[in-house]
Amino acid sequence: MAASLRILRGTSDDPSPLRLGSRLDKYRLLKRMGEGGFATVYAAKDLIVGSRVALKIPELASDFDGDAFEDLKREVRIMARLDHPGILPLKDARFIDGHFVMVFPLGEETLEDRVTRRMARSTAIHYIVQMVGALAYAHEHSILHRDIKPENFVLFSDQTIQLGDFGLARIERGGHHVSASGTLGYMAPEQAMWKPSYRSDVFSLGLVIYRMLAGETPEYPFDSFPGFNRLRRGLSQEFVSLIRKAIDPTPSKRFRDGVAMQNALSRIRFPLTDRSVVLRGASEKGSLSARRVA
């Protein structure tokens, strides 16, 4: 079951400064993991449970009733309704000493870190199956992520990969315009024109997969495919065709959503030409898996 979360109003207009080694309630800050335009992520220790966690602490003005806080509540409520092994679980969300704190499991690294090193094809397939499954689950629950990129996938020691950062996510209702927020380099053309859809998330995931296998990504207007020979090395033609369909610049030519992409993936029994990996499972139950063949 998804965690039961509380969103509490801050009690101070002047939050205490954050320093490594200091405490926020039961969490001791250990390391600054990353910093974006809206939030800083820390590695921390839960001093009661004894485990290590990741704390996402957004920048907020003292007015907790503004648009920024409404966006945070939307992110929390969206993540609280998602319960899937491929989606980073939100463990807690509340104000601590004037800071809004979101608590997640602490992974080993992001996919952005991992793709800088050589990755076996079988390992990449294992991750891709999980990534497609996570997107399919989000779309089944009417969630449009809008920011699929390597930095937002977190890797764990058991070769689990989980999709996180739903800060730009929205509940998809269809037929409405949404801001062109997203990440350049992974954003679908129609998303940049304020018309994102499930097909936009498919496009972004396709580009992430392309980069995992080719080491680089196509650039707008997406009329050339750098590293394509490297990408298709060792891959079955069916799997290469799936990637090409996901990143077609024309939305109507892509998979309609993550579910359709997962269904297509489930029909590819051997994604590698050497047949060292077999895909199996009932895709309609979200249980598609990759197994290495001895």
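The values are calculated or read from the model by the stated rules, or taken from the named source; none is laboratory data. A quick note: this is a predicted structure, and the numbers were derived from the prediction, not measured. Don't worry about glycine lacking a Cβ; one is built from the backbone with ideal geometry, like all the others, and counts go over all protein chains shown.
If you scan the stretch 225-259, which residues turn out to be over 20 Å from residue 270 (Cα atoms) and polar (S, T, N, Q)?
Answer for the stretch 225-259, where residues must be over 20 Å from residue 270 (Cα atoms) and polar (S, T, N, Q): 250, 252.
Here are some residues: 260, 264, 290, 246. Which one is more than 19 Å from residue 140 (Cβ to Cβ) and surrounded by 17 or more Cβ atoms within 10 Å (Cβ to Cβ)? First the steps, then the outcome.
On the way: 260 fails: more than 19 Å from residue 140 (Cβ to Cβ); 264 fails: more than 19 Å from residue 140 (Cβ to Cβ); 246 fails: more than 19 Å from residue 140 (Cβ to Cβ).
When all the criteria are applied, what remains is 290.
Answer yes or no as to whether residue 241 is of a type in the set (S, T, N, Q), under 16 Å from residue 125 (Cα atoms) and either surrounded by fewer than 17 Cβ atoms within 10 Å (Cβ to Cβ) or in the same structural domain as residue 142 (by TED's automatic domain parsing) (or both). Walk me through it before giving the result.
Values: of a type in the set (S, T, N, Q): yes; under 16 Å from residue 125 (Cα atoms): yes; either surrounded by fewer than 17 Cβ atoms within 10 Å (Cβ to Cβ) or in the same structural domain as residue 142 (by TED's automatic domain parsing) (or both): yes.
For residue 241, the condition - of a type in the set (S, T, N, Q), under 16 Å from residue 125 (Cα atoms) and either surrounded by fewer than 17 Cβ atoms within 10 Å (Cβ to Cβ) or in the same structural domain as residue 142 (by TED's automatic domain parsing) (or both) - is met.
Residue-by-condition table, conditions (1) over 30 Å from residue 291 (Cα atoms); (2) surrounded by 22 or more Cβ atoms within 10 Å (Cβ to Cβ):
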| residue | (1), (2) |
| --- | --- |
| 70 | yes, no |
| 88 | no, yes |
| 96 | yes, no |
| 121 | no, no |
| 172 | yes, no |
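Keeping to the stretch 167-195, report how many residues are assigned to a loop (DSSP other than H, G, I, E, B), modelled with pLDDT of 95 or more and not small (Gly, Ala, Ser).
Of the residues in the stretch 167-195, 2 are assigned to a loop (DSSP other than H, G, I, E, B), modelled with pLDDT of 95 or more and not small (Gly, Ala, Ser).
Restricting the search to the stretch 204-224, which residues are aromatic (Phe, Trp, Tyr) and either modelled with pLDDT of 95 or more or within 18 Å of residue 271 (Cβ to Cβ) (or both)? Break it down stepwise before answering.
Here is the first cut: in the stretch 204-224, the ones aromatic (Phe, Trp, Tyr) are 210, 220, 222.
Matches in the stretch 204-224: 210 only.
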